[in-house]
């Protein structure tokens, strides 16, 4: 059973922090970098690690909140922002 939210810190130490972050954090914000400004842009998508790793993501477009142009992005352009848990 997957847990949502966080586990107590002793469990994080037992499993290793990287594994802890991947398995027990519920969701992360899907971010890209604006090619014009170099600033992070939220794609309005949230995903958990398991789903992100197992889902094929083709080309997508977004109107950039930083430069207001339309950017095309792919999975390889994504950064997951775990500080954005809960969207």
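Rule-based calculations on the coordinates, nothing more; no lab input. Bear in mind that the values here come from a model prediction, so they are computed numbers and not experimental data. All Cβ positions, even for glycine, are placed from backbone atoms using ideal geometry, and neighbour counts span all protein chains on display.
Structure above, values below:
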{"item": "Reference-scaled alpha-carbon Rg (2.2 N^0.38 Å with N residues) for segment 28-81", "result": "1.08"}
{"item": "Separation in nanometres of the label points that stand 7 Å from Cα toward Cβ, at residue 57 and residue 72", "result": "1.7"}
{"item": "Rel. contact order, % - alpha carbon contacts under 8 angstrom, at least six apart, segment 28-81", "result": "41"}
